[in-house]
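Engineer: Starting off with a structure, shown below.
None of the figures in this text is laboratory data; all of them are computed from the coordinates on show. If you're wondering where the values come from, they're calculated on a predicted model, not measured in any experiment. Positions of Cβ are generated from backbone atoms using ideal geometry, with glycine treated the same way; all protein chains shown enter the neighbour counts.
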Protein chains: 2
Amino acid sequence: MNTPSTNDAPGRRKFIGDSLKISGALTLLSSPALSIAGTIFSPGKEFTIREIMDIILKEIPGAPFQQTVDTLKSGSPDQKVTGIVTTMFPTVDVIKKTIRLNANFIIAHEPSFYNHADDINWVTGNSVLKQKLELLQKNNIAIWRFHDYWHSHRPDGVGYGVLKKAGWLQYYKPGEPLVVIPSATLKNITQHLKSSLGIDHVRIIGDLSQQCSRIGLIPGAAGGQRQVSFVEKEKPDVLVVGELHEWETAEYIRDAQSFGSKTALIVLGHSVSEEPGMEYLVEWLTPKLGGLKVTNLPSNNPFIWV
Amino acid sequence: MNTPSTNDAPGRRKFIGDSLKISGALTLLSSPALSIAGTIFSPGKEFTIREIMDIILKEIPGAPFQQTVDTLKSGSPDQKVTGIVTTMFPTVDVIKKTIRLNANFIIAHEPSFYNHADDINWVTGNSVLKQKLELLQKNNIAIWRFHDYWHSHRPDGVGYGVLKKAGWLQYYKPGEPLVVIPSATLKNITQHLKSSLGIDHVRIIGDLSQQCSRIGLIPGAAGGQRQVSFVEKEKPDVLVVGELHEWETAEYIRDAQSFGSKTALIVLGHSVSEEPGMEYLVEWLTPKLGGLKVTNLPSNNPFIWV
């Protein structure tokens, strides 16, 4: 996530309008008679990848960007879309499930090919990447990365999705860098985040019995410079991140606490920390596409904790 | 760690020679009568920081390096050394313990100021860094980073220390990129690493019941490009790292396993994965300094796992 922007009030108003439209559509889409209902009640318009990208980018301030990692990683802009899947990481597992859904367009928040720029030559002769490309090509699966744009939406699509799933939307104030919740122990906040976001294990630096109210929420892997700058400026009771560099943010927080700082740290894991943003994308995108199915397939936490 | 070099046979012979000299010294140094014994049996020579750095660098091929992060982060080269502490991260806690030991020279593998280059302006107005600098200056504590040089020692000082502490030196063959141990399940190997290295929790991607014999050991945070290239080239049964980027190595390993790869992954944690190398530095350095006390103060894992 990028932390909520200071000037997203218009975006938020727009969002609330969309939400009202969405709620009816969602009731329909969640019924077992989905595909039949879609055929009956939608105009049945076919979209190309390019058309869907255009529909989305119309809602993103400043889009299209000159420089962005949000490019098409496989497939063609002229391809007809049979169904859309949203996810954090377009893993092989997610691709196979997409094929089984008869969908062919994956909108993924994070890289397809194990590096931020999706440079296919990042590691020479990468046999896994080669098999992944073959799987995509054989099944005509398109992947579009939707990272910079979704974070640039107002409100930030990932941050908003996480707040929504955590049940904290009522505490979200556009323009405020922190979310102020009723005071609770670090232990209780951790348990709430684990249960509401469906996370099995987290890593923490801090006193589990300390009271926290002012939450700094930066899902994903924003980098140490940004995470540490945020703590220096906002002094949250707890910083919640997806992923960090241990030699940067973790050591900074540890030293800060040795000097008496009360800022605790919760590390959720990268994939699970931002997936709610890609889940929320389903709700945001569906009413714009007249019946085309949009499904979130969570890429989940990759680790066993032993 | 860098993986064991292909041309470290001379270094290894040198190491074995030193080890024989060390074993007697270690017995002496571990007795409670340490400081008295040191006075009686050592020439009592005083060293400056510069002299100790010179003694160490004489053993590092190609040193001194033109470009390196291994610079003095606090203190002066002309300072007389009262005692040496080795550690992974020179945390505030380690600095305070160093002061209590009446030592004044910390040799640390990782950064002091939360970024690889130890740029003190990495985050503007960093209040934690400011307090840390004041603590160091007030107590005349010098910190030297010993990262590039220790990895450039033959054998790599960190890798060697980890193999030694894991009880795997018998399987170490200079020039071989993998350590081949008797076949065991991933679960048993994990338990062995946790108990021998003193690690409470690790993260794993893989089948805990699979048999593993060919171990790729890359402690620390070598970066996704190097970790993935290593797996592509060597196809270990398990890759053991300290830290990783989840969007790089973790996703690569997860996809590889979806395509049938048997390479598992164990993530130890950065600090605990390389500390054995700084513990081994005590053994390596002590006999070169005629009685000056060298102590390892482990910086330990910073996280609570919930």
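Engineer: Convert 20 °C to kelvin, take the viscosity as 1.002 mPa s, use the Kirkwood radius over C-alpha pairs of the range A:68-158 as Rh, and evaluate the Stokes-Einstein diffusion coefficient in µm²/s, rounded to a whole number.
Structural biologist: Taking Rh from Cα pairs, D becomes 159 µm²/s.
Engineer: Here is a further query. Enumerate the calculated ³J(HN,Hα) couplings along the range B:224-241 in order (Karplus 6.51 cos²θ - 1.76 cosθ + 1.60, θ = phi - 60°), each rounded to whole Hz, writing x wherever the residue is Gly or Pro.
Structural biologist: Result, ordered by residue: x, 4, 6, 5, 5, 4, 4, 5, 4, 7, 9, 6, x, 6, 8, 9, 10, 10 Hz.
Engineer: Which value in Å is the Kirkwood Rh of the range A:178-255 over different Cα pairs?
Structural biologist: Every distinct Cα pair counted, the radius reaches 12.9 Å.
Engineer: Based on Cα positions only, what radius of gyration and what Dmax would you give for the range A:264-306, in angstroms?
Structural biologist: In Å, with Rg to one decimal and Dmax whole: 14.2, 46.
Engineer: Measuring from a point 7 Å out along Cα→Cβ, what nm distances, shortest first, does residue A:305 have to its partners in the other copies?
Structural biologist: 0.8
Engineer: Please provide three numbers in whole Å: the alpha-carbon extents of the range B:161-306 along the principal axes, with the largest listed first.
Structural biologist: Result for the range B:161-306: principal-axis Cα extents of 56, 37, 28 Å.
Engineer: Just tell me which lysines come within less than 22 Å, Cα to Cα, of residue A:194; anything on the same chain fewer than 8 places away is out.
Structural biologist: Answer for residue A:194, where 22 Å is the Cα cut-off: A:164, A:165, A:262, listed by chain and number.
Engineer: Something else about it: In whole Hz and in residue order, list the ³J(HN,Hα) couplings for the range A:147-161 that follow from phi through the Karplus curve 6.51 cos²θ - 1.76 cosθ + 1.60, θ = phi - 60°; x for Gly and Pro.
Structural biologist: So the J values, rounded to whole Hz, are 10, 4, 5, 5, 5, 8, 4, 10, x, 3, x, 6, x, 5, x.
Engineer: Sorted from largest to smallest, which semi-axis lengths in Å does the alpha carbon gyration tensor of the protein assembly as shown give for its equivalent ellipsoid, taking the root of 5 times each eigenvalue?
Structural biologist: 49, 28, 19
Engineer: Another question, if that's okay. Once you charge only the Cβ atoms, +1 for Lys and Arg and -1 for Asp and Glu, what is the size of the charge dipole of the range A:82-157 about its Cα centre, to the nearest 20 debye?
Structural biologist: Once rounded to the nearest 20, the dipole reads 340 debye.
Engineer: Something else: So which residue of A has the beta-carbon closest to the axis that swings A onto B, and how many whole Å away?
Structural biologist: A:305, 4
Engineer: Follow-up. Report the relative contact order of the range B:156-306, percent, no decimals, based on alpha-carbon pairs under 8 angstrom and at least 6 residues apart.
Structural biologist: It rounds to 27 percent for the range B:156-306.
Engineer: Let me know the whole percent of all Cα-Cα pairs from the range A:122-164 that are separated by more than 12 Å.
Structural biologist: More than 12 Å apart: 71 percent of the Cα pairs in the range A:122-164.
Engineer: Exposed loop sites here are chymotrypsin sites (Phe, Trp or Tyr not before Pro) in DSSP loop states with at most 14 other C-beta atoms within 10 Å. What is the longest stretch of chain A lacking them?
Structural biologist: Answer from the scan: A:66-258.
Engineer: Please list the non-local residues whose amide H lies under 5 Å from the amide H of residue A:180, H modeled 1.01 Å from N, same-chain partners needing a gap of 5 or more.
Structural biologist: A:215
Engineer: Put the label 7 Å from Cα along Cα→Cβ for residue B:137; what are its distances to the other copies, in nanometres, shortest first?
Structural biologist: 6.1
Engineer: Between the range A:260-306 and the range A:58-88, what is the C-alpha centre distance in whole Å?
Structural biologist: Using only Cα atoms, the two centres lie 18 Å from each other.
Engineer: Taking chain B as the reference, fit the longest principal axis to its C-alpha atoms, fit the long axis of helix B:270-285 to the helix C-alpha atoms, and give the angle between the two in degrees, 0 to 90, nearest 10.
Structural biologist: Here the helix axis deviates by roughly 50 degrees.
Engineer: Quick check: pseudo-label points 7 Å beyond the Cα along Cα→Cβ at residue B:170 and residue B:102, how many nm apart are they?
Structural biologist: Result: 4.2 nm between the two label points.
Engineer: Additional query: Under the Karplus relation 6.51 cos²θ - 1.76 cosθ + 1.60, θ = phi - 60°, what is the ordered set of whole-Hz ³J(HN,Hα) values for the range B:113-122, x standing for Gly and Pro?
Structural biologist: Listing the rounded values in order: 10, 6, 8, 4, 7, 6, 5, 6, 9, 4 Hz.
Engineer: Moving on to the next point. Return the long-range amide H neighbours of residue A:106 (sequence gap of 5 or more, or a different chain), with a cut-off of under 5 Å between placed amide H atoms.
Structural biologist: Here the answer is A:85, A:142, A:143, A:144, since their amide H atoms fall under 5 Å of that of residue A:106.
Engineer: Then there is this: Using every pair of alpha-carbon atoms in chain A, split the distances into 10 Å bins beginning at 0 and state the percent of pairs per bin, rounded to integers.
Structural biologist: It works out to 6, 26, 33, 23, 10, 1, 0, in whole percents.
Engineer: Taking a label point 7 Å from Cα toward Cβ, how far is residue A:148 from its twins in the other copies, in nm, shortest first?
Structural biologist: 3.2
Engineer: Using the count of nearby Cβ atoms within 10 Å as a rough guide to exposure, how do B:306, A:94 rank from fewest to most?
Structural biologist: By the 10 Å Cβ count, ascending: B:306, A:94.
Engineer: Scanning chain B for trypsin sites (Lys or Arg not before Pro) in DSSP loops with at most 11 other Cβ atoms within 10 Å, what's the longest stretch left with none?
Structural biologist: In short, B:59-306.
Engineer: Efficiency by 1/(1 + (r/R0)^6): what FRET value for residue A:117 and residue B:139, r their Cβ-Cβ distance, R0 = 45 Å, to the nearest 0.05?
Structural biologist: 0.50
Engineer: To make sure I understand, if each residue's beta carbon is the centre and we count other beta carbons within 10 Å, what order do A:53, A:88 fall in, fewest to most?
Structural biologist: Going from least to most buried by this count: A:53, A:88.
Engineer: Right, something else. Please report the relative contact order for chain A, taking Cα pairs under 8 Å with a sequence separation of at least 6, and give it as a percent rounded to a whole number.
Structural biologist: It rounds to 25 percent for chain A.
Engineer: In debye, nearest 20, what is the charge dipole magnitude of chain A about its Cα centre with +1 on Lys and Arg Cβ and -1 on Asp and Glu Cβ, if you could check?
Structural biologist: 760
Engineer: Using the 2.2 N^0.38 Å rule of thumb for compact globular proteins, work out how the range A:93-219 stacks up: its C-alpha Rg over that value, please.
Structural biologist: Rounded to two decimals, the normalised Rg is 1.38.
Engineer: Tell me the Kirkwood radius of the range A:230-306: reciprocal of the mean inverse pair distance over distinct alpha-carbon atoms, in Å.
Structural biologist: For the range A:230-306, the Kirkwood estimate is 15.2 Å.
Engineer: Sort A:229, B:76 so the one with the fewest other Cβ atoms within 10 Å of its own Cβ comes first.
Structural biologist: B:76, A:229
Engineer: Could you state the number of Å between the C-alpha centres of the range B:124-200 and the range A:162-228?
Structural biologist: Result: 32 Å between the Cα centres.
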